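The values are calculated or read from the model by the stated rules, or taken from the named source; none is laboratory data. Just so you know, these numbers come straight off a predicted model, no measurement behind them. For neighbour counting, all protein chains shown are included, and Cβ atoms are generated from backbone atoms with ideal geometry for every residue, glycine included.
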Amino acid sequence: MEKNYIPEWVLLNNQVIDEKGQLKDLQKDKEAVRSYFLNEINKKTQFFHSLKEKLDYLVENDYYEDDFLKKYTHEQITEIFNIAYNAKFRFPTYMGAFKFYNDYALKSRDKKVFLERYEDRLSINALYHADGDFELAKNMIKRLIAQDFVPATPTLLNTGKKKRGEFVSCFLLEGGDSLNDIARISEFSMQLSKIGGGVSINLTNLRAKGEAIKDVPNVSKGVVGVAKLLDNNFRYADQMGQRAGAGAVYLNVFHADIEDFLNTKKLNADDDVRVKTLSMGVVIPDKMIELAKENKDMYVFYPHTVYKAYGIDFADVSTNMDYWYDKLVENPDVRKRKISPRKLLDMIASLQGESGYPYIMFVDNVNKVNPLKLPVKFSNLCTEILQPTITSHYADYDKKEQDEIGMDISCNLASGHMGNMIKHNTIKETVYAAMDVMNSVSTRTNISYVPAVAKANRLNRSVGFGIMGHHGYIAENYILFGSEEDIDLIDVFFAQVNYYSLVHSMQKAKETKQKFYQFETSKYADGSYFEGRGAVLPKTDKVKEIFKDIYLPTDADWKQLKKDVMTYGLYNSHRLAVAPNGSIAYVMSATPSLTPIKQLIEERTYGNSKTYFPMPSLDTAAFMYESAYRIDNFKVIDVIATAQKHVDQGISFELGITSNVTTKELVRYYLYAHYQGVKTLYYTRTQKLKIEECESCVV
C-alpha cells in the first residue's frame, strides 16, 4: 500500500465540508460509515461459525478470562449477545465507528484482525459486571446497546480481557511533607502512570522555598522542585511509549510558593523552573475572594511553621481559612508574607489566557455542601472528582515506626447520554445499570501498590456517574443553550439522576448491610442533606412536554428516601461526577459533557489524514448551535451551577474565550462562577480571532 494512500471512507468523510471548512454534505459521512464497514471492518473481522466457537477461541488463546463466563449457562450468554445484535445498532457517524474499532475493539496480537464487534464488547461488559446475575446482565446490555450510558474508557476497554489494564485510570494522591512522603508519592505516580493512569497530587503540605529542614533555615527548595520531579516522572513512565503520562499538581493559594508555582506554566519561564507536561490547579478559599473584593493585602504562609505551631498539616488548615486566617496572621511563630490578592487573581487569569492553566477549585463552595465530615482539599486532572483525602506519612524503614496510611482516591466513572435517557424514558434504569457497573468495578479493583488508594476504595466505594449529550439534545429540541427552558430542563433532569442514584445506593446498603466509611457522621445520616430537596417539576411549556410521559419523583418519594437513607445508610460515599468525555463521546455520537460545542464540525488528525465529526442534528438544527467561543459565558456558568445543585462531586467544564477577552473579564467569570456555587473550572480555551473578526481592528 502506498505511503500516502487515503482510504475511500476517509475521503468520503472529508467531503462533509467544502474547501472553506463549511458544511457541504452530511450524507457523505453516512457513506463513509458504510464504506468503512464494507471495506475495512467486515474484511478484517475474524469469522466464527458460532458464538460458542468464538468464545472458546478467545478463552483458549488467552484473550478473555473464563471465570466470569462460567457463571452463566451457554443459553444465557447467547441471549445477552442476541439482545445486543437484535438491536441492529448502526454507528451514525464515521468518527464514532472509527474511534471504537481503532481504540476499544479487541484485536489479534499483531493488530491486523478484529476479534470483536461493538456488540461483543458491550455484551462482555454486561456479563462480566453482572457477575452471574442474568437479569442484571440483561438490564445492562439493553441500556448499553441503546447507548443510554457507557462505562469510562478503561472499563469499556479492559473488561473481560485476560491481559488487561486497570478498570480505573484516574487517581488523586495527598502529598506529605517529609522526604519519605515525597519519595513515595514520586514512586506511586510512576507506578500509576505506567498503567495509563492520570494522577493528581496535592502539594499544599510541602514546605515553601527557604523554609527550615531539621531546624536549618533557608534550605527547603519548595514545591517547584517537586513539581519538576513529577513532571519528569510522568514523561518517563509513559506506558511503554504508547500513551503519554498525565499528571496534575494542586496548590492552595495561601501557600507561600503560590507565585513561583504559577510561574512554572509561563511560556517564557526558564527551563530550570518550567513544567512542560504537568497540569496545574489552584485551590481558592473564600477568604482570598473576600480580601480581593475589599482590596486588602493577603498573607501567604509557610506550611512547616504552621505545622510546628499547631501540629496540623497545612492542607487541612488551608481548606478552612475562615477559621484559621486571623489566627495564623496573629501568631508570631507562623512565618508569612504579604501579597495582593487582586494581583494574584490577575496573574491566574493572565496565565489561563496564555496556557489554559491553572484549573480552579473553589474549596469553600465544595465543602459548604459536602455531605461528609472530612473536608475535600483538591481535585483531579479533569476537575470533576471531589472527595476527601487523608494525608499518609511514611516512616524510615530502618526504624520501628509504622507507616500512617491515610486515604487517597481512585476515579470510578460512567456517563449517561442525556438525550437517549430522556427519549427512551430510561432515566431510572440507566442510573441503576451504570451504578451496578461502577460498583462492580469498585469491588474488583485493588490498587495494592498504592495502599491509601486501595484503602479508600475499600472503605468508601465511591463512584461518579456523569452526563454527556446536553448541547446536542437541546439543539435537536430547538432550545437555546442557557435559556430559561434549558435551565428548567437541566434542573428537572439532574434532580432525577440524583434521586435514583441515592435510591440505588441505599438499596445496595440495605442488601449488603454495608455503609460507606463514617456514614454515621455524614449529613445523610442525620437527614440534613435532604433539607430543601424534593420534587423538581418542569416550569416551561417545552420542558413539560419533554417530561409528559416520564415519572418524576414527588415530595413524598423524597420524604421516603430520606427516611430509608437514615435507616439503611448509603453504600457509596459519592455517586455523581460529570467528566469531560473525550473520545468516549465520539463512540456515543454525542456532544461532550454539559458544555457547549467548540465547532459545528470537529476536526481531528489521525496519521496522515483528517477526520471530521459533525455535531448531532446538523441537518435540521445547525442554526441552534452556538460555539463555546461565541456563547455568553455567564449563561454557561448558569447551566453548570444549575446541575451542580444536584451533583455531589464536581462538573468538568471549560471556559471558551476569544483572544480579545481581557484578564479583567476572565476574573469576572471566576467571581460569577464562585457566586453561583460552581465548584471547579477546568481549562480556559482561547480561540485566536482572525483579523476580520478582531474587534480592536474594526474602524
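Observations, loosely collected:
- Residues that are assigned to a loop (DSSP other than H, G, I, E, B) and in contact (Cβ under 8 Å) with a residue 40 or more places away in the chain, drawn from region 153-168: GLY160, LYS162, LYS163, GLU166, PHE167, VAL168
- The residues of region 448-485 that are part of a loop (DSSP other than H, G, I, E, B) and under 19 Å from the mean Cα position of the chain (by Cα), listed by number, are ARG461, SER462, VAL463, GLY469.
- Residue count, region 544-565 (criterion: of a type outside the set (Ser, Thr, Tyr), closer than 18 Å to PHE494 by Cβ and not in a helix (DSSP H, G or I)): 4
- Among the residues of region 192-234, those identified as closer than 22 Å to THR383 by Cα and polar (S, T, N, Q) are SER193, SER200, ASN202, THR204, ASN205, ASN233.
- Inside region 521-546, residues that are farther than 18 Å from ILE487 by Cα and touching a Lys or Arg at 6+ places or on another chain (Cβ under 6 Å) make up a count of 4.
- Residue count for region 597-627, restricted to those that are polar (S, T, N, Q), more than 21 Å from LYS688 (Cβ to Cβ) and assigned to a strand (DSSP E or B): 2.
- Some residue of region 65-88 being at pLDDT 95 or above, more than 30 Å from the chain's Cα centre (by Cα), basic (Lys, Arg) and not in a helix (DSSP H, G or I): yes
- For region 108-152, a residue qualifies if it is surrounded by fewer than 22 Cβ atoms within 10 Å (Cβ to Cβ), over 19 Å from ALA87 (Cβ atoms) and in contact with a helix residue (DSSP H, G or I) (Cβ under 9 Å, 6 or more places away or on another chain), and the qualifying residues are LYS112, VAL113, PHE114, LEU115, ASP131, GLY132, ASP133.
- Taking the listed residues ALA577, ALA628, the one that is of a type in the set (A, V, I, L, M, F, W, C) and without any contact (Cβ under 8 Å) to a residue 60 or more places away in the chain is ALA628, with no other qualifying.
- Region 102-152 - residue that is modelled with pLDDT under 95 and in a helix (DSSP H, G or I) and, of those, nearest to the chain's Cα centre (by Cα): ASP103
- Filtered by the rule that a residue be in a loop (DSSP other than H, G, I, E, B) and either buried (at least 16 other Cβ atoms within 10 Å of the Cβ) or in contact with a strand residue (DSSP E or B) (Cβ under 6 Å, 6 or more places away or on another chain) (or both), region 274-288 gives ARG274, VAL275, LEU278, PRO285.
- Among residues that are modelled with pLDDT under 95, more than 30 Å from THR595 (Cα to Cα), polar (S, T, N, Q) and crowded, with 23+ Cβ neighbours inside 10 Å, SER392 is included.
- Any hit, region 363-374, residues being farther than 20 Å from GLN676 by Cα, outside any loop (DSSP other than H, G, I, E, B) and in contact (Cβ under 8 Å) with a residue 12 or more places away in the chain: no
- Residue check, VAL219 of a type in the set (A, V, I, L, M, F, W, C), in the same structural domain as ARG337 (by TED's automatic domain parsing), outside any helix (DSSP H, G or I) and modelled with pLDDT under 90: yes
- Residue among ALA315, ALA309 that alone is touching a residue at least 12 places away in the same chain (Cβ under 8 Å), under 25 Å from the mean Cα position of the chain (by Cα), in a helix (DSSP H, G or I) and in the same structural domain as SER220 (by TED's automatic domain parsing): ALA315
- When restricted to residues that are crowded, with 24+ Cβ neighbours inside 10 Å and in a helix (DSSP H, G or I), region 566-587 contains 4.
- Filtered residues of region 195-216 (kept if closer than 24 Å to GLU384 by Cβ and either assigned to a loop (DSSP other than H, G, I, E, B) or among the charged types (D, E, K, R) (or both)): ILE195, GLY196, GLY197, LEU203, THR204, ASN205
- Hey, GLU384 among the charged types (D, E, K, R), touching a residue at least 24 places away in the same chain (Cβ under 8 Å) and closer than 22 Å to CYS170 by Cβ or not: yes
One line per residue, one yes/no per condition, for (1) at pLDDT 90 or above; (2) among the aliphatic types (A, V, I, L, M); (3) in the same structural domain as GLN191 (by TED's automatic domain parsing):
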position: ALA227; (1), (2), (3): yes, yes, yes
position: GLN239; (1), (2), (3): no, no, yes
position: ARG243; (1), (2), (3): no, no, yes
position: ASP257; (1), (2), (3): yes, no, yes
position: THR264; (1), (2), (3): yes, no, yes
position: LEU278; (1), (2), (3): yes, yes, yes
position: GLU290; (1), (2), (3): yes, no, yes
position: LYS293; (1), (2), (3): yes, no, yes
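- Inter-residue pairs, beta-carbon under 7 Å, first assigned by TED's automatic domain parsing to the domain that holds ASN139 and in region 421-443, second among the hydroxyl-bearing types (Ser, Thr, Tyr) and not in a helix (DSSP H, G or I), 6+ apart: none
- Breaking point among (1) under 23 Å from TYR529 (Cβ atoms); (2) without any contact (Cβ under 8 Å) to a residue 40 or more places away in the chain; (3) touching a strand residue (DSSP E or B) at 6+ places or on another chain (Cβ under 6 Å); (4) of a type outside the set (D, E, K, R), for LEU328: (1)
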